[in-house]
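Step one of this worksheet: look at the structure below.
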Amino acid sequence: MSKPLKTSTDRFTSLPEHVAHEILKFLPLEDISRLSVVSRTCRQVCISMPSLKVNVVPYLYNATKRTQLMNYVDRLLSLRRGMDSRCLFIDWGLPSTEEVHRVLSWLHNAVVCNFKQLKLILRLKSGSEFRVPPSLLCSTSLESLTVNISTSALLKFPSYCSSINGFSSLESLTLCGVRIDESFSNWVSICCKFLRKLCLSQIKETKSLVINSSSMYQLFISSTYNNELCHLQVSAETLEYMTLRWEFDDSPNNRTLQLSIPKLQIFLWRGTVLSFPFTENMACLKSLRSITYTSHNLVRLYCDVCYLKSRSLGDILQVSNITIKVK
């Protein structure tokens with residue numbers, strides 16, 4: 001007499017949804033797409049994932065796989081509208097105009113899906129341009145935006161005239177490896193009125209940078225690519241923490257630094273910025289004296305001692321507390 005076949009227990013679909021989501025975040029999107037057709041329960045679990053990671057790197061040289069992945073992302077974003085969405089991560093190369101349009105449509109759908117965090121790694125052609133869709137500025141849920149471009153492509157934001165309301169909830173903006181033009185300053189001041197943290201890392205081919213903000217709390221600027229940044233101006237009445245990495249080989253007399261940051265508490269300098277003649281280029285820091293002299297609001301100045309060329313830094317800057325950090 002033959003024994004009855006044992007039916008296997010589906011332990012995955014019996015898991016709490018948040019536990020299943022934790023398991024799925026370790027799988028590539030291709031495997032998740034396969035899982036979504038196993039059963040209705042699996043399909044719903046895949047659709048409701050709070051975070052979505054789209055990575056094209058394994059399929060850079062496989063057009064068929066890339067097309068399948070794009071189609072699945074299209075369906076997934078259209079099905080998850082109205083669901084609680086946390087983070088959308090896109091790592092994509094854009095060799096064709098069609099794929100550029102697909103990625104732009106995903107960014108538009110990210111607004112509809114109410115994602116709170118958006119992280120982009122774009123592999124563009126050198127010298128090309130990527131325009132952020134205007135619909136992204138209509139997001140009422142986006143709190144953090146990160147854009148990393150692997151080549152020296154120009155990142156263009158929508159005109160501030162056509163998007164006067166701008167982001168209503170964006171608190172953190174990180175740009176890495178991008179080229180930005182002079183319109184960036186107006187865009188930040190008008191469209192990012194609630195921005196708390198701004199990080200500009202490895203800014204390329206940008207000679208002049210102006211930052212104006214009435215809400216910014218933390219600022220990081222790094223310009224070490226071909227020493228191109230010549231003029232930096234920061235005006236932020238609520239800024240308390242600032243990190244500046246500015247390296248160059250030529251004379252500091254060719255550079256200008258203007259600061260209007262009355263509530264500054266911690267200023268981290270790295271690079272050759274300390275080679276500036278303090279009596280001229282850094283004279284703007286003397287304005288800190290009226291605020292940093294009080295005991296409840298001290299400025300701590302961290303610097304590399306190997307770059308320090310002034311013997312009386314405390315007398316020149318008139319700050320209350322100076323800490324020399326030796327590495």
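Nothing in this text is a laboratory measurement; each read-out follows from the coordinates by a stated rule. Because the structure is a prediction, the values reported are computed rather than measured. Backbone-built Cβ (ideal geometry, glycine too); neighbour counts: all protein chains shown.
Observations
- Across the stretch 19-35, rounded Karplus estimates of 3J(HN,Hα) from the backbone phi angles (6.51 cos²θ - 1.76 cosθ + 1.60, θ = phi - 60°) give 6, 4, 5, 5, 6, 5, 5, 8, 9, x, 5, 4, 5, 5, 5, 5, 5 Hz, Gly and Pro being marked x.
- Residues in the stretch 177-192 carry Karplus couplings, in order, of x, 9, 9, 10, 9, 5, 6, 4, 4, 5, 5, 5, 5, 9, 9, 10 Hz; the curve used is 6.51 cos²θ - 1.76 cosθ + 1.60 with θ = phi - 60°, and Gly or Pro positions show x.
- Local charge for PRO50 was computed over the other residues whose Cβ lies under 11 Å away, with Lys and Arg +1 and Asp and Glu -1, and equals +1.
- FRET efficiency for the SER14 to GLN258 pair, using the beta carbon distance and R₀ = 51 Å, is estimated at 0.25.
- Charge sum, other residues only, whose C-beta stays under 14 Å from THR13's C-beta, Lys/Arg counted +1 and Asp/Glu -1: +1
- Segment ARG40-GLN202, length gained on full extension (0.36 nm per residue, minus Cα span): 53.7 nm
- Estimated FRET transfer efficiency (SER183, ASP84; beta-carbon r; R0 35 Å; 0.05): 0.50
- Net charge of the neighbourhood of CYS87, taken over other residues with C-beta under 12 Å away and scored Lys/Arg +1, Asp/Glu -1, is +3.
- The H on the amide N of SER51, modeled in the peptide plane, is under 5 Å from the matching H of ARG86, CYS87, each at least 5 residues off or on a different chain.
- The calculated FRET efficiency for CYS230 paired with VAL112, based on their beta-carbon distance and R0 = 41 Å, is about 0.50.
- Phi-based couplings in Hz for the stretch 91-99 (Karplus 6.51, -1.76, 1.60; Gly and Pro marked x): 10, 9, x, 10, x, 9, 5, 4, 5
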